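Here is the structure we will look at.
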Amino acid sequence: MKKIGLLLIIITITWSIAGGCDSATDSKATTVSNPPTLLEPVNNATGVSRYPVFKWSGEADKLEISTNPNFNPPERSANVSGTQYQLPDPPLAPNTEYFWRAGKTSGSTVIWANSWRFRTGAN
């Protein structure tokens, strides 16, 4: 019986060290795995302001806007915080289709929401 108890102690200590925890009751930090949820401008919106306010729920620290659905290259990019971002000067081009996405950095990777598209208005 003593051998089983000692074996369990060794396994617990080994697991704690290998898992990066200080004790068997501590938890290891996890990485962000969920992208933000896009809210506005809504997907396929038309007549959007040339100075749109981008809104999302969840955590985001990156925003990209592009006329190319692959974002290669993005026309505009910004480091963001909170749940919205007001586009500054210069305005977007009139009557133009854009794609946008928000993302959250996890380590060296950005976890992007699926992109949405919108079309700016004439003014």
Kindly check whether there is at least one residue in the range 100-107 that is out of contact with any Leu (no Cβ under 6 Å at 6 or more places or on another chain) and among the β-branched types (Val, Ile, Thr).
yes
Residue check for Glu64: under 16 Å from the mean Cα position of the chain (by Cα), not in a loop (DSSP other than H, G, I, E, B) and not aromatic (Phe, Trp, Tyr)
yes
Please indicate, with yes or no, whether at least one residue in the range 82-89 is surrounded by 15 or more Cβ atoms within 10 Å (Cβ to Cβ) and hydroxyl-bearing (Ser, Thr, Tyr).
yes
Quick one: in the range 90-113, of everything that is in a loop (DSSP other than H, G, I, E, B) and touching a residue at least 24 places away in the same chain (Cβ under 8 Å), which residue is nearest to Ile65 (Cα to Cα)?
Leu92
Top-ranked residue in the range 90-111 [being of a type in the set (A, V, I, L, M, F, W, C) and under 20 Å from Asn123 (Cα atoms); ranked as surrounded by the fewest Cβ atoms within 10 Å (Cβ to Cβ)]:
Ala93
Quick check on the range 31-61: of everything there that is within 15 Å of the chain's Cα centre (by Cα) and among the hydroxyl-bearing types (Ser, Thr, Tyr), which residue is surrounded by the most Cβ atoms within 10 Å (Cβ to Cβ)?
Thr37
Please determine, by comparing only the residues of the range 84-123 that are charged (D, E, K, R) and out of contact with any Asp or Glu (no Cβ under 8 Å at 6 or more places or on another chain), which one is nearest to Pro52 (Cα to Cα).
Asp89
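Readers should treat all values here as calculations from the given coordinates under stated rules, not as data from a laboratory. Here the structure is a predicted model, which is why all the values come from computation and not from measurement. Cβ atoms come from the backbone with ideal geometry, glycine included; neighbour counts cover every protein chain shown.
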